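Asks: Structure below; questions to follow.
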Amino acid sequence: MTPLNLSASSINGTSVVNNQGENLGNIKELMIDTNSGQISYVVLSFGGFLGLGDKYFAMPWEAFTIDTDKEEFILNVSKEKLEDAPGFDKDAWPTNADHTYLNSVYEHYGYAPYWDKIHV
């Protein structure tokens, strides 16, 4: 498969659906680990109405696939699993050094944290 290169700004705001076609929100930000250059997590905005009352979720980048025809990302997560996920308020983002929180996020979705896979 040929790699697809996208700018971070083109990804922000992109719709996210699950495998059942249910709208799960949109991508707010890509958080980059400046030490490794890896995407640390994706911030998904879910819930609320017209941006009010949205809850934010840190999601492993590996959990997403892209549908280039529909120009949306697909996340293999039910709405129920997302509602039970560790989220955060838009005014209280996780701290950069909080690997405990990010470990719980990766574990919730069944992924190994990227920092466990980096070999120097």
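Asks: Which of the residues spanning segment 61-76 are closer than 25 Å to GLY37 by Cβ, assigned to a strand (DSSP E or B) and not hydrophobic (A, V, I, L, M, F, W, C)?
Replies: Scanning segment 61-76 gives a single hit, THR65.
Asks: Please determine whether any residue of segment 16-31 is assigned to a helix (DSSP H, G or I) and modelled with pLDDT of 85 or more.
Replies: For segment 16-31, residues assigned to a helix (DSSP H, G or I) and modelled with pLDDT of 85 or more: absent.
Asks: Restricting the search to segment 69-104, which residues are surrounded by 14 or more Cβ atoms within 10 Å (Cβ to Cβ) and within 20 Å of ASN12 (Cα to Cα)?
Replies: Result: GLU72, PHE73, ILE74, LEU75, VAL77, LEU82, GLY87, PHE88, LYS90, TRP93, PRO94.
Asks: Additional query: Return only the number of the condition from (1) under 13 Å from ALA63 (Cβ atoms); (2) part of a loop (DSSP other than H, G, I, E, B) that LEU44 does not satisfy.
Replies: (2)
Asks: A follow-up question, please. Does at least one position in segment 67-76 carry a residue that is at pLDDT below 90 and among the aromatic types (Phe, Trp, Tyr)?
Replies: no
Asks: Just give me the residues in segment 77-97 being closer than 19 Å to GLU22 by Cα and assigned to a loop (DSSP other than H, G, I, E, B), in sequence order.
Replies: VAL77, SER78, ASP84, ALA85 - these are the residues of segment 77-97 that are closer than 19 Å to GLU22 by Cα and assigned to a loop (DSSP other than H, G, I, E, B).
The values are calculated or read from the model by the stated rules, or taken from the named source; none is laboratory data. In this text, all values refer to a predicted model and were calculated from it rather than measured experimentally. We place every Cβ from the backbone using ideal geometry, glycine too, and count neighbours over all the protein chains shown.
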